[in-house]
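Engineer: If you scroll down you'll find the structure; I have some questions about it.
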Amino acid sequence: MEFSVPERIRDIKPFLVMDILERARQLEAEGRDIIHLEVGEPDFETPGVIVQAAQKALSDGHTHYTTALGIPELREAIVDRYNHLYNLAIDPARVVVTSGTSPAMLMLFSVLIEAGEEIILSDPHYACHPSFILSAMGSPVLVPAGAEEGFVLQVNAVQERITPRTRCILINSPSNPMGVRLAKEEIEALAGLGPPLVSDEIYHGLSYGERDYSALEFSDEAFIINGFSKYFAMTGWRLGYLIVPERFVRSLEILQQNYFVSPNSFVQQAGIAALREAVPAAEKMRDIYANRRITMMQGLKSIGLPVHREPDGAFYAFADAHQFSPNSLVLAREILEATGVAVAPGADFGPGGEGYLRFSYCNSVENIETALERVGRYLAGR
Ligand SMILES: Cc1ncc(COP(=O)(O)O)c(C=O)c1O
């Protein structure tokens, strides 16, 4: 008998940017000079205080399983930061520590979604968001958030898509791939529509202007997804967390016990150091991103790649490349082969992303300048 993977898994799309990255690495191995603007990963080393805390944790024998929900000191440090930043009074009992934000989403959507229930999210969106929803047998409902909508969910449009099957509204501000933020009033209005908010706050802190607003400031029933990968430059460490209404904690604990046993022991110790001691180092990285953002925006403008709404968060600029090609993957591949500059095809981020290219500014000002010069020259002569 022939077996095939189930339909809900077949519906999960490949992450196209990984194909670009792979080809870029191949070209590098062949001796080509490649500039990476495709990956959503800080180019900085993890701050020293965090590394030292991990080294000490290993020496001290933090090499065993921990409690499934995460060690109490880390859960406390997480709520201390949330309570301080957003003036909240969250109890550490609501925190579930995970081995990265991605496992957090896998578990959260598993406990939230009944088969066939709908989750509203923006189009474009982070490439993997619908994948987690599909894995949990949910149905992603895409609401346009393109240039006309200022690249954010429109409250009225979301309201129109709410049905009795709607389970929650997923928001991501600052956003991947657009790097823009919902206004305070917009988060508040979305929180008031009825279905609970699931808020992916992984880019909080990486914002260039007014402070970020947590969904928890507007509803105690919101579900928070967050992690250490971006703000603390800890992508490879795999550390994330959820903050959920207390009645969901036990189900998440059971899932964690079954799926992952516990988050990584010594990495949790490093997480405490990150929250308690590494904020100044993270703020320095933020300031550097802020400068790079200016270089990126000026450069894109000068080579005729419009960014319809100025990004003010994360480390992405989402440029409109329709005038060069309707197919962003073909264009990204072409640019890579011709110029050695790797960028992410907008098609990765939903149908609304097609025709766009995502430029990450996780690279030096000099490299951004060189990359844009090369891309500009190529596009002009094409
Ligand atoms: C919006 C968003 N959420 C989650 C993640 C995944 O983060 P983690 O490294 O914690 O799994 C990413 C990574 O790019 C992201 O952009």
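The values are calculated or read from the model by the stated rules, or taken from the named source; none is laboratory data. Predicted model only: the values in this text are computed from it and were never measured. For neighbour counting, all protein chains shown are included, and Cβ atoms are generated from backbone atoms with ideal geometry for every residue, glycine included.
Engineer: Kindly list the number of the only condition in (1) surrounded by fewer than 21 Cβ atoms within 10 Å (Cβ to Cβ); (2) over 22 Å from Y231 (Cβ atoms) that fails for A191.
Structural biologist: If we test A191 against (1) surrounded by fewer than 21 Cβ atoms within 10 Å (Cβ to Cβ); (2) over 22 Å from Y231 (Cβ atoms), just (1) comes out false.
Engineer: Another question, then. When residues of segment 331-382 are filtered for being assigned to a loop (DSSP other than H, G, I, E, B), under 16 Å from L300 (Cα atoms) and touching a residue at least 60 places away in the same chain (Cβ under 8 Å), how many remain?
Structural biologist: 5
Engineer: Take the conditions within 16 Å of the ligand (Cβ to nearest atom) and under 30 Å from A347 (Cα atoms) and apply them to E41. Does it pass? Spell out the reasoning first.
Structural biologist: On the way: within 16 Å of the ligand (Cβ to nearest atom): yes; under 30 Å from A347 (Cα atoms): yes.
In short, yes.
Engineer: Okay, moving on. Which one of A215, A189, A270, A274 is touching a helix residue (DSSP H, G or I) at 6+ places or on another chain (Cβ under 7 Å) and away from the ligand (no atom under 15 Å from the Cβ)?
Structural biologist: Among A215, A189, A270, A274, only A189 is touching a helix residue (DSSP H, G or I) at 6+ places or on another chain (Cβ under 7 Å) and away from the ligand (no atom under 15 Å from the Cβ).
Engineer: In the set P144, P174, which member is assigned by TED's automatic domain parsing to the domain that holds A115, over 20 Å from F315 (Cα atoms), touching a residue at least 12 places away in the same chain (Cβ under 8 Å) and within 20 Å of the chain's Cα centre (by Cα)?
Structural biologist: Checking each option against the conditions leaves just P144.
Engineer: Considering each of L206, L197, L153 in turn, give the residue that is within 15 Å of the ligand (Cβ to nearest atom), surrounded by 20 or more Cβ atoms within 10 Å (Cβ to Cβ) and within 15 Å of the chain's Cα centre (by Cα).
Structural biologist: The match here is L206.
Engineer: Of all residues in segment 83-111, which are more than 16 Å from the ligand (Cβ to nearest atom) and closer than 28 Å to R211 by Cβ?
Structural biologist: N83, H84, L85, Y86, N87, L88, A89, I90, D91, P92, A93, R94
Engineer: Scan segment 286-309 for residues that are free of Cβ contacts under 8 Å to residues at least 40 places away in the same chain, outside any helix (DSSP H, G or I) and crowded, with 17+ Cβ neighbours inside 10 Å and jot them down.
Structural biologist: Of everything in segment 286-309, just one residue is free of Cβ contacts under 8 Å to residues at least 40 places away in the same chain, outside any helix (DSSP H, G or I) and crowded, with 17+ Cβ neighbours inside 10 Å, namely V307.
Engineer: Just to check your reading of the model, which residue among R309, R374, R293 is out of contact with any Phe, Trp or Tyr (no Cβ under 7 Å at 6 or more places or on another chain) and among the basic types (K, R)?
Structural biologist: Step by step, each of R309, R374, R293 is checked, and only R374 is out of contact with any Phe, Trp or Tyr (no Cβ under 7 Å at 6 or more places or on another chain) and among the basic types (K, R).
Engineer: Any chance segment 288-299 includes a residue that's closer than 30 Å to F109 by Cβ and within 22 Å of the chain's Cα centre (by Cα)? Steps first, please.
Structural biologist: Just the residues of segment 288-299 that are closer than 30 Å to F109 by Cβ, to begin with: 289.
Next cut, within 22 Å of the chain's Cα centre (by Cα) only: 289.
Within segment 288-299 (the criterion being closer than 30 Å to F109 by Cβ and within 22 Å of the chain's Cα centre (by Cα)), the answer is yes, since at least one residue qualifies.
Engineer: If you don't mind, another one. Does I90 satisfy the condition of being in contact (Cβ under 8 Å) with a residue 12 or more places away in the chain, β-branched (V, I, T) and in the same structural domain as P345 (by TED's automatic domain parsing)?
Structural biologist: Judged against the criteria, I90 is not a match.
Engineer: Name the single residue that is nearest to P280 (Cα to Cα) among those in segment 226-262 being surrounded by fewer than 20 Cβ atoms within 10 Å (Cβ to Cβ) and within 14 Å of the ligand (Cβ to nearest atom).
Structural biologist: Of segment 226-262, the ones surrounded by fewer than 20 Cβ atoms within 10 Å (Cβ to Cβ) are 235-236, 238, 245-251, 253-255, 257-262.
Those still in the list that are within 14 Å of the ligand (Cβ to nearest atom) too: 235-236, 238, 260.
Details: T235: 18, G236: 21, R238: 21, F260: 32 Å.
Among those that are surrounded by fewer than 20 Cβ atoms within 10 Å (Cβ to Cβ) and within 14 Å of the ligand (Cβ to nearest atom), it is T235.
Engineer: In segment 112-142, what count of residues is obtained for those that are within 15 Å of the ligand (Cβ to nearest atom) and among the aliphatic types (A, V, I, L, M)?
Structural biologist: 4
Engineer: Which numbered condition trips up G179, out of (1) within 12 Å of the ligand (Cβ to nearest atom); (2) over 13 Å from the mean Cα position of the chain (by Cα)?
Structural biologist: For G179, the failing item is (2).
Engineer: Identify all residues within segment 22-48 that are in a helix (DSSP H, G or I) and surrounded by fewer than 19 Cβ atoms within 10 Å (Cβ to Cβ); write none if there are none.
Structural biologist: Passing the criteria: E22, R23, R25, Q26, L27, E28, A29, G48.
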